[in-house]
Amino acid sequence: MPATDSLATYSDWTYFGAVAIYVLAAVLYLAEHALQRTPVAVPALVGADGADEVAPEPVATESNRAERFGRMAVSLTVLGAVVHLISLVLRGSAAGRVPWGNMYEFGSLLCLGAVLTWLVLLRRFPVRHLGGFVLVPVALLMFLGGTVLYTSAAPVQPALQSYWLVIHVFTVATSSGALLVAGVASLLYLIKTNPDRFARLAPRLPAADTLDRVAYRITIIAFPAYTMAVVFGAIWAEAAWGRFWGWDPKETCAFVAWVVYAAYLHSRATAGWRGGRAAAINVLGFAVMVFNLFFINLVIAGLHSYAGVG
């Protein structure tokens, strides 16, 4: 077997190994989430002389078992990210180029961006037990990528043989991965603020303000990167096709997503539109990006229909 074929095979193995690790980590995150307890108010004790004594500490919100599950889940997430990164490096070595030249590779990079965003998020916010809600869509996207969208390692078409492939596609994929996590946070915010509809799930989620800040912090960082990706794409289009913008279906859908995210940031800064309305706009933005990734690439023909499927 040629060395490049061996590298491609090892890349596929590590890719699905990462999927398996993410699935196991998601199960542990969900187990930790299921074991979460709603905080119980503990009244102050009254002494014999009628004076209030110091109230005891509130009942802990996590059991020891939930804590262990959470720590194991984070460790597995880190391991999965390392294995995932190795799969991309092997893929690039086998193909002799950067490993994001088709939909399979693009989806892999996007999911790695989402996982790394989640790991950074864990250091800033107490949302660890929500990891299952992030890793489940990541594992699903990677499974679809490794089966339905899989493409053998090979050089890209001449139209893609440009340094802009390195810059433009990398920026799009990583910013989209971060926006996936923001979309999940906004969706959970909508669940949290509708306890009547989600009576069993809503009380176990972090405070609505925490979820809102998580979604906003991620979007405020990822949106400029996504904006630059659109600009880089326009520059590449001028070099490749002689025009900066031609309203190609993928260009149009990317612009619509940009407008939706700009509307989210504007609404988030507007007092009357904060909360549920802003969160709904953020969820809509990610839905548009998913539509662009799958429907536009797979169903509608356009100048961007060279990403390779099959």
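Rounding to the nearest 10 and keeping the result within 0 to 90°, find how far the Cα-based axis of helix 249-268 lies from the longest principal axis of the chain.
That helix lies at roughly 30 degrees to the long axis.
Work out, step by step, the length gained on full extension between residue 199 and residue 239: first 0.36 nm times the residue separation, then minus their alpha carbon distance; give nm to one decimal.
The residue 199-residue 239 span can extend by a further 9.0 nm.
Just how large is the dipole of the chain about the Cα centre, in debye to the nearest 20, putting +1 at every Lys and Arg Cβ and -1 at every Asp and Glu Cβ?
Using Cβ point charges on Lys, Arg, Asp and Glu, the chain gives about 220 debye.
Note down the nm distance, to one decimal, between modelled labels 7 Å out along Cα→Cβ at residue 273 and at residue 220.
With each label placed 7 Å out from Cα toward Cβ, I get 1.7 nm.
Counting only the backbone N, which residues of the stretch 126-140 are under 15 Å from the spot 7 Å out from the Cα of residue 119 toward its beta-carbon?
135
Classify the stretch 156-310 as rounded, prolate or oblate, taking a ≥ b ≥ c as the square roots of the eigenvalues of its Cα gyration tensor: rounded when a/c is under 1.5, otherwise prolate if a/b is larger than b/c and oblate if not.
prolate
For the stretch 168-251, which chymotrypsin sites (Phe, Trp or Tyr not before Pro) are in a loop by DSSP, counting at most 12 other Cβ atoms within 10 Å?
In loop regions of the stretch 168-251 (DSSP not H, G, I, E or B), the sparsely surrounded chymotrypsin sites (Phe, Trp or Tyr not before Pro) are 247.
Just to verify a number: FRET efficiency for residue 262 and residue 144, C-beta to C-beta distance, R0 = 25 Å, to 0.05?
That gives a FRET efficiency of 0.30.
Pull out a ≥ b ≥ c, the square roots of the eigenvalues of the alpha-carbon gyration tensor of the chain, then state rounded if a/c is under 1.5, prolate if not and a/b is larger than b/c, and oblate in the remaining case.
Oblate, because a/c is 1.5 or more while a/b does not exceed b/c.
Order by neighbour count: 91, 71, 204, fewest other Cβ atoms within 10 Å first, most last.
Least to most surrounded, the residues fall as 71, 204, 91.
Readers should treat all values here as calculations from the given coordinates under stated rules, not as data from a laboratory. Just so we're clear, the structure is a prediction, and the values are computed from it rather than from any experiment. Don't worry about glycine lacking a Cβ; one is built from the backbone with ideal geometry, like all the others, and counts go over all protein chains shown.
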